[in-house]
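Report on the structure given below.
The values are calculated or read from the model by the stated rules, or taken from the named source; none is laboratory data. Keep in mind that this is a model prediction, so the values were computed, not measured. Note that we place each Cβ from the backbone using ideal geometry, even for glycine, and neighbour counts take in every protein chain shown. Just so you know, the surface numbers come from the protein's heavy atoms only, side chains and all, with ligands and any DNA or RNA stripped out. Shrake-Rupley method; radii C 1.70, N 1.55, O 1.52, S 1.80 Å.
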Amino acid sequence: MPAEAFEFQVEARQLLQLMIHSVYSNKDVFLRELVSNASDALDKLRLEKLWDDSLDADVSDLHIDIDVDKEARTLTVRDNGIGMSYDEVGRLIGTIANSGTAKFLQELKEAKEVKDSAGEEGLIGQFGVGFYAGFMVADEVTLVTRRAGESQGTRWASRGEGTYTLEKVEDAPQGTSVTLHLKPADPENQLHDYTSPWKIREIIKRYSDFITWPVRMMPEAPAAAPATADESDEAAEPEAAPEPETLNSMKALWARPRGEVSDDEYHELYKHIAHDWRDPLETIRLQAEGTFEYQSLLFLPAHAPHDLFTRDAKRGVQLYVKRVFIMDDCEALLPPYLRFVKGVVDAADLSLNVSREILQQDRHIEMMRRRLTKKVLSTVKDMMAKDQDRYATLWREFGTVLKEGLVTDPENRDALLAVASFATTHHDAEPTTLKQYVERMKDGQDDIYYLTGESRQSIENSPHMEAFRERGIEVLLLTDAVDEVWADAVGEYEGKKLRSVAKGQIDLDPKDEDAADDEREKQTEEYAGLLGWMKEQLDEDIKEVRLSSRLTVSPACIVSDAQDLTPALENMYRAMGQEVPSAKRILELNPDHQLVKGLNQAYKEREDRAELAETAELLHGLAVLAEGGQPKEPARFVKLMADRLERAL
């Protein structure tokens with residue numbers, strides 16, 4: 001079949017141009033990425049062979065070869081792993097089927113503008129574009145591959161100029177080889193001579209020493225000695241063919257004593273597992289002995305991956321059995337709210353052909369999951385106590401996902417509440433824990449107050465906050481979507497009820513002040529007629545009109561009944577495909593506001609209340625707008641408001 005020419009996907013073409021024009025300062029990244037891809041291919045083949053004995057594939061000597069040709073200036077990374085079919089090559093190499101690519105390009109541009117080399121390096125693995133890194137050092141890249149079990153191979157080639165060719169080939173070996181036609185060395189631009197054996201050894205030792213499979217390279221042939229006159233005319237004995245040199249140690253770091261492993265080695269293992277170029281925030285070791293033995297080495301990343309909240313996001317924990325790789329993203333080992341944790345778990349007593357379905361029901365796996373979860377949370381707690389800066393980084397990056405556990409993991413709810421922190425009216429910048437909030441509670445205060453919203457600014461400007469601000473009562477400011485759910489699910493902390501300041505009746509007056517009670521009774525009697533009339537006028541939209549104890553400045557606000565879902569929760573459930581009925585809200589009026597006083601006086605004096613009905617409608621619309629909502633009929637609301645303004649002028 002002749003070679004066919006194709007055009008790259010638009011975003012892939014943009015990415016290639018960025019690579020070719022040397023966006024990354026550390027060009028060595030290309031070899032680490034190619035070796036990592038080859039290692040993944042070997043893992044996949046061994047697993048597929050384990051599950052399917054009939055697969056026609058040789059797994060007797062799985063390895064990675066690196067070949068260099070100084071004269072031709074080529075470098076080839078070759079594996080005898082799973083390989084790819086013709087269709088897979090076109091799908092995986094010709095396009096970037098990744099929703100994060102646009103974000104990658106934007107962050108890459110921003111990192112370059114601020115000359116953030118650490119940021120640049122962190123992006124390459126984060127967005128799964130390691131293969132394209134080859135174009136940083138090569139004028140042309142050629143890939144030859146054959147999927148295990150298939151008879152026909154595929155050849156892919158491109159010069160990175162917007163097009164690539166694909167053709168089927170007959171004599172391709174099992175696995176994948178990537179050949180880079182290298183650019184001339186340019187040390188000033190960090191473009192090294194990648195045909196140099198010492199440079200290749202340096203990169204492999206630095207980045208890929210821990211890879212499970214041997215990375216091999218033929219030793220450089222020694223220079224021939226000059227012939228001498230005394231040399232025998234007899235034919236010399238033919239020298240034995242040189243053996244390939246294994247460049248990596250293949251040592252399982254999690255199985256070695258802590259004192260024998262440096263932090264740098266742990267960090268490189270993390271970078272290989274997470275495809276991240278930044279050091280982890282924390283390294284967690286755990287070894288269990290007894291009836292069920294396992295070793296684990298977990299890492300807390302320093303920043304959130306771009307796919308943390310996507311449905312098909314990969315988990316970060318790899319499962320090994322007796323140092324044999326079994327599974328890349330073992331969901332059974334940690335709960336979903338710890339999906340950002342990366343690492344390795346090596347069990348001694350599991351079967352090598354264990355499946356995901358078996359893992360979900362395995363008693364030993366459940367024991368591991370519980371202990372690993374508690375270990376991670378205890379590590380976060382220690383970090384919180386001993387290193388506030390690192391804790392602040394962790395919570396900033398992963399606090400939202402950790403709060404999911406408050407809903408889904410009642411067993412560890414107390415541990416999660418102990419490490420959770422929230423923005424609060426107590427301080428403009430420093431977050432607070434629930435324990436600190438309780439310690440600061442005013443005398444006579446029984447509840448922990450909170451308010452949810454899209455941003456701190458919108459919450460602080462909410463009418464619901466007015467009485468709390470006036471009385472100096474602290475309120476938690478919750479801006480994540482999950483806050484609506486967990487606050488309702490948790491309910492209380494250390495006997496103190498969690499209460500939304502936008503739900504139910506709020507009474508902030510001291511209980512022993514009879515004068516306050518008398519004043520409320522008088523106001524209720526004074527406004528009884530207006531409240532009943534407004535309820536009739538707005539009956540389609542509200543369930544009750546009542547006087548408010550939470551307003552000091554605004555004329556009105558909208559609140560939910562104590563047991564009702566908030567509008568944000570209703571929208572969240574609908575977005576998840578669950579039908580929930582819309583609950584009518586409650587309109588609260590500020591009896592001390594001049595607008596409300598005037599409305600009450602006009603109600604008592606006028607027989608014709610048509611204009612008052614419009615005023616009531618406007619008051620309700622203003623209350624909806626104040627909490628970030630939208631009037632039911634925006635066009636009508638605008639017209640009524642314009643008419644009133646015109647008459648006022």
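The table that follows gives values for the structure above.
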| read-out | value |
| --- | --- |
| Equivalent ellipsoid semi-axes, segment 534-636, via Cα gyration tensor eigenvalues times 5, rooted, Å | 27, 15, 12 |
| Straight-distance crosslink candidates among lysines, where the alpha carbon sits under 22 Å from residue 632 and sequence neighbours closer than 8 are dropped | 503, 535, 543, 584 |
| Compactness of the chain - radius of gyration and Dmax, Cα, Å | 33.3, 132 |
| Trypsin sites (Lys or Arg not before Pro) restricted to DSSP loop in segment 341-450 with at most 14 other C-beta within 10 Å | 442 |
| Compactness of segment 156-227 - radius of gyration and Dmax, Cα, Å | 17.0, 52 |
| GluC sites (Glu not before Pro) restricted to segment 252-301 and DSSP loop, no more than 14 other C-beta within 10 Å | 289, 293 |
| Efficiency of FRET from Cβ geometry, residue 329 and residue 304, R₀ 25 Å, rounded to 0.05 | 0.90 |
| Of 271/374; 522/604; 27/70, those spanning more than 21 Å from alpha-carbon to alpha-carbon | 271/374 |
| Antiparallel bridges, percent of DSSP beta bridges restricted to the chain (to nearest 5) | 75 percent |
| Solvent accessible area, Å² - residue 450, 1.4 Å probe, full protein context | 20 Å² |
| Carbon + sulfur, % of accessible area of the chain - ligands and nucleic acids excluded, 1.4 Å | 47 percent |
| Restricting segment 359-443 to GluC sites (Glu not before Pro) in coil, as DSSP defines it, with at most 10 other Cβ within 10 Å | none |
| Radius of gyration, Dmax [segment 434-590; alpha carbons; angstrom] | 16.5, 50 |
| Antiparallel DSSP beta bridges within segment 519-649, percent to nearest 5 | 45 percent |
| Computed [θ] at 222 nm, helices only, for the chain once each DSSP H run of length n ≥ 4 contributes -39500 (n - 2.57) | -11500 deg cm²/dmol |
| Accessible surface, the chain, averaged per residue in Å² (probe 1.4 Å) | 51 Å² |
| Sequence-distant aspartates and glutamates (8 or more away, or on other chains) whose Cα lies within less than 18 Å of residue 442 | 466, 470, 474, 492, 494, 507, 509, 512, 513 |
| Expected-Rg normalisation [2.2 N^0.38 Å, Cα atoms] applied to segment 404-472 | 1.23 |
| Furthest towards positive pole of dipole, 319, 590, 62, structure part the chain, Cβ charges | 590 |
| Long-range amide H partners of residue 499 with built H, under 5 Å | 448, 449, 450 |
| Amide H contacts of residue 163 (H built 1.01 Å from N, under 5 Å, at least 5 apart or other chain) | 8 |
| Heavy atoms of residue 84: accessible area, 1.4 Å probe, square angstrom to 10 | 30 Å² |
| Accessible-area order (highest first, 1.4 angstrom probe) of the listed residues 493, 207 | 493, 207 |
| For segment 31-44, Karplus couplings with θ = phi - 60° (6.51, -1.76, 1.60), whole Hz, Gly/Pro x | 6, 4, 5, 5, 5, 5, 4, 5, 4, 4, 5, 5, 4, 5 |
